[in-house]
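Down below is the structure, laid out as structure tokens.
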Amino acid sequence: MRARQVHLLEGSTFVVSDPAGDIDARPDEPAGLFYRDMRHLSRWQVRLNGRELEALSGDAIEYDEALFFLVAPTGSPYRNSSVVLIRRRHVGDGMQEHLQLDNHGGEPLRAEISLLFAADFADVFEIKDHLAKVGRFYHRLEEDRVVLGYERADLRRETTIEAPGAFFTESSLAYRVELQPGETWRTDIEISVATEHLRPVPKLSHQPNIPGTLDSWLAAAPSLETDWQDLQRIYRRSLVDLAALRFFPETVPNSSLPAAGLPWFMALFGRDSLLASYQALPFAPELCRTTLRALAAQQAAEFDDFRDAEPGKILHELRHGELTHFGERPHSPYYGSADSTPLFLVVLDEYERWTGDRATARELEPAARAAITWIERHGDLDGDGYLEYRTRNPRTGLVNQCWKDSWNSIVHPDGTLAAGPPAVCEIQGYAYDARRRAARLAREVWHDPVLADRLDADADALAQRFHRDFWLDDTGCYALALDGSKAPVRTLTSNVGHLLWSGIVPPSHAERVVAHLTGDRLFSGWGIRTLASGQLAYNPVEYHNGTVWPHDTALIAAGLARYGYREEASRLAVATLEAARYFDDRLPEVFVGYDRHVTRMPVEYPTACSPQAWATGTPLLLLRVLLGLDPTPERLISKPHLVAPIGTLALRGLPGRWGRDEAYGTP
């Protein structure tokens, strides 16, 4: 198992350390202090008289604060240490560290406390791709502080370490301390970061778009009442992690949206931020509003092969690091996802349905119309009525541009990669749902009945065409995709569950699809596998070809509920929630797809992001499934369907167009 790490984050700033609070990052691992996609501290290690300390305990106490309790080693299990160092760390405006040294011995203590530091200013893409730096490093020693810097042409980053009373070298700072028995010594160290413009970084600590502290953020969320205590903890963990993952986009001042996940994806994403906002709508609808406005502000307006952009397309990912700055990566922003654009329309409609915020729906009407045009023109590469994808940037663009965006995810059952450009099944479902939802907005909000009628007719035609071309009657399921020659990719995958969520499956065929999803080949006992067992392509530890993704399972549960399979949806929801208790009540991005009866517990995936936005939102969407929540213009409808171990379940103070409401259920 990988060594446990302690994560602290706030917006664009995060730090990853070991349980002692130390950082000693290898070039290829995401440990350190990061800001705006670059690492500002790659080494931060404490020493007492030149020796490492032992960690008694070390962990985050809030998403942006941690405590580490360290002792001086005695060299013998029969002697206890009398020297204790407490590190209290906060992440916000860079990083602040408070040190406290206690002498619990009977003799005076004379000691040197030192901290070893370095900053490699690695871009996140350099870490992932094992690339070397090409710019110039520099440093400045000043009174009570050191400045570590990096520059390349017009890009500059700096890290300033300020420690009053310390003795500095180029790579360390030290304090000489004398303590009598029972005495305590304390000091504060301030680490600040600056961008290429050398502007001070604003302090964002506990300043969400709901003003105030984390406590006020939690108080504004609906309250949960249940006799299943695990669910109480999971719910609070999700709300705290959602607060931690808030990202403050420059295009929507004083507002926040969910970044995709720690450590690799603390940035604005299209698909991830949209789905996480959708999951969180009944709990924090303002995140959805910000996501929609931020993505609309970055909507593509022209063709750009390097960035896979076409007019009307919603971005995939926006970065601010060195490689993006110099055009060595296309993420400025990058538009390589075929599903972000239809999902934008899906989430815009759901946001208006839930909140009644017609002003925002009207404000975003031009962006929505541009997204519709992209679906109808540019997303359909060959004019057959389906959305396909193919990167026009073969060097650094994404080969696969669906949610399973790893290179080998569109694969035949025998493991052979499908030739492109593929038309992946769930994206057609999203496009169907986007047309239906945009038709409602056109009819009820934009007052354009002609557009509404055309979109509904187009959705009907797509559904008929999709069933004709994707349905595999001999297996009773839909193909994963049509490949570049329009042959079906017959692999059985979780993607078909998204078709239920979108509503494109005719009711007459839902039962056979549901049987696959709830059968042993796809359902692991903890959630739905991304690819069903029994096929040569199946591997329970392959990122998209056999693992379990909680958000994937949650969308499938919502699809089951949509088609009236409430018992199956609730059992799937509970199974996924039960997995969270093995991950400290926090669902990770992904875990291994082994059968529950074999492993008895979910198996950790080695490089899973945690917290990760749509995994954090998964318990929230599953609560909606369990309580059968559905917004109407007049009121909130709730049709609970609970299964063991849930005896009672209530959400009080649910925000929406009706004000605040509640939902309550028993088996």
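Spin-label pair Glu183-Lys639: with each label point 7 Å from Cα along the Cα-Cβ axis, the two points sit 7.3 nm from one another.
Residues Ser485, Ser12, Ser502, sorted by accessible area with the largest first, give Ser485, Ser12, Ser502 [1.4 Å probe; ligands and nucleic acids excluded]. Eigenvalues of the alpha-carbon gyration tensor of segment 241-283, scaled by 5 and square-rooted, set the equivalent ellipsoid semi-axes at 14, 13, 10 angstrom, largest first. Binning the C-alpha pair distances of segment 1-114 at 5 Å intervals from 0 yields a P(r) profile of 2, 11, 21, 22, 18, 12, 7, 4, 2, 0 %, listed from the shortest bin outward. For the chain, the fraction of 1.4 Å probe accessible surface lying on carbon and sulfur atoms is 49 percent. Cα-Cα pairs above 18 Å in segment 329-427: how many percent? Within segment 329-427, distances greater than 18 Å cover 55 percent of Cα pairs. Based on C-alpha pairs under 8 angstrom that are at least 6 apart in sequence, the chain has a relative contact order of 10 percent. Taking the inverse of the mean reciprocal distance over all distinct Cα pairs, the Kirkwood hydrodynamic radius of segment 374-517 comes to 15.9 Å. Direction-averaged projected area, Cα convex hull, the chain: 30.3 nm², rounded to one decimal. Take the Cα of Asp24, step 7 Å toward its Cβ, do the same at Thr666, and the gap between the two points is 5.9 nm. Here the gap between Arg581 and Asp144, fully extended at 0.36 nm per residue and compared with their Cα-Cα distance, gives a gain of 152.7 nm. Taking all protein chains together, Thr74, Thr530 sort by accessible area into Thr74, Thr530, largest first [probe 1.4 Å]. For the chain, the longest principal axis of the alpha carbon atoms and the long axis of helix 285-297 meet at an angle near 80°. Amide H contacts for His40 (H built 1.01 Å from N in the peptide plane; partners 5 or more residues away or on another chain; cut-off under 5 Å): Leu33, Phe34, Tyr35. Each listed q (0.31 Å⁻¹) maps to a log10 I(q)/I(0) for segment 336-382 from the Debye sum over equal C-alpha point scatterers, namely -1.13. For segment 539-667, the Kirkwood estimate of hydrodynamic radius, built from reciprocal distances between every pair of different alpha carbons, is 15.5 Å. Computed over segment 622-667, the Cα gyration tensor eigenvalues convert (square root of 5λ each) into semi-axes of 20, 10, 7 Å, ordered from largest to smallest. Once you order the gyration tensor axes a ≥ b ≥ c over the Cα atoms, which shape class does segment 233-354 get: rounded for a/c under 1.5, otherwise prolate or oblate by comparing a/b with b/c? In terms of gyration-tensor shape, oblate.
Computed over the alpha-carbon atoms, segment 374-458 gives an Rg to Rh ratio of 1.09, Rh here being the Kirkwood radius from the mean inverse distance. Residue by residue, segment 336-346 carries 3J(HN,Hα) couplings of x, 9, 8, 10, 4, 5, x, 5, 4, 5, 4 Hz when phi is fed to the Karplus relation 6.51 cos²θ - 1.76 cosθ + 1.60 (θ = phi - 60°); x denotes Gly or Pro. The amide H of Phe269, built 1.01 Å from its N in the peptide plane, has Ala260 as neighbours under 5 Å, considering only residues 5 or more places off or on other chains.
For segment 477-592, the fraction of C-alpha pairs farther apart than 18 angstrom is 48 percent.
Here the ratio of the Cα radius of gyration of segment 67-112 to 2.2 N^0.38 Å is 1.42. 3J(HN,Hα) couplings calculated from phi for segment 649-660 with the Karplus curve 6.51 cos²θ - 1.76 cosθ + 1.60 (θ = phi - 60°) are, in sequence order, 8, 9, 10, 10, x, 6, x, x, 5, 8, x, 10 Hz; Gly and Pro show x.
Projected label points at Glu363 and His98, each 7 Å from Cα along the beta carbon direction, are separated by 3.9 nanometres.
Taking 0.36 nm per residue of separation and subtracting the current Cα-Cα distance, fully stretching the chain between Glu302 and Arg136 would add 56.2 nm. Cβ-Cβ distance of Ser223 and Asp59, R₀ of 41 Å, FRET efficiency by 1/(1 + (r/R0)^6): the value works out to about 0.95. Here segment 291-338 yields Rg over Rh of 0.96, to two decimals, using C-alpha coordinates and the Kirkwood radius. Projected over all directions and averaged, the alpha-carbon convex hull of segment 299-376 occupies 5.5 nm². Using the alpha-carbon positions of segment 132-202, Rg (one decimal) and Dmax (whole number) come out as 15.7, 54 Å.
Computed from the C-alpha gyration tensor, the three semi-axes of the ellipsoid equivalent to segment 38-85 are 25, 15, 7 Å, from longest to shortest.
What segment 74-166 shows is 47 Å² of accessible area per residue, with the surface traced by a 1.4 Å probe over protein heavy atoms.
Pairs of lysine residues in the chain that meet both criteria, 8 or more places apart or on different chains and Cα atoms under 28 Å apart, total 5.
Available extension along the chain between Thr599 and Arg395 is 69.4 nm, counting 0.36 nm per residue and deducting the alpha carbon span.
Over segment 1-63, the fraction of Cα-Cα pairs per 5 Å bin, rounded to whole percents and listed from the shortest bin up, is 4, 17, 26, 25, 18, 8, 2, 0. Note on segment 248-307: Cα-Cα pairs beyond 20 Å make up 28% of the total pair count.
The values are calculated or read from the model by the stated rules, or taken from the named source; none is laboratory data. If you're wondering where the values come from, they're calculated on a predicted model, not measured in any experiment. In this analysis, Cβ positions are derived from the backbone assuming ideal geometry, glycine residues included, and neighbour counts consider all displayed protein chains. Ligands, DNA and RNA are excluded from the accessible area calculation, which covers all protein heavy atoms including side chains. Shrake-Rupley method; radii C 1.70, N 1.55, O 1.52, S 1.80 Å.
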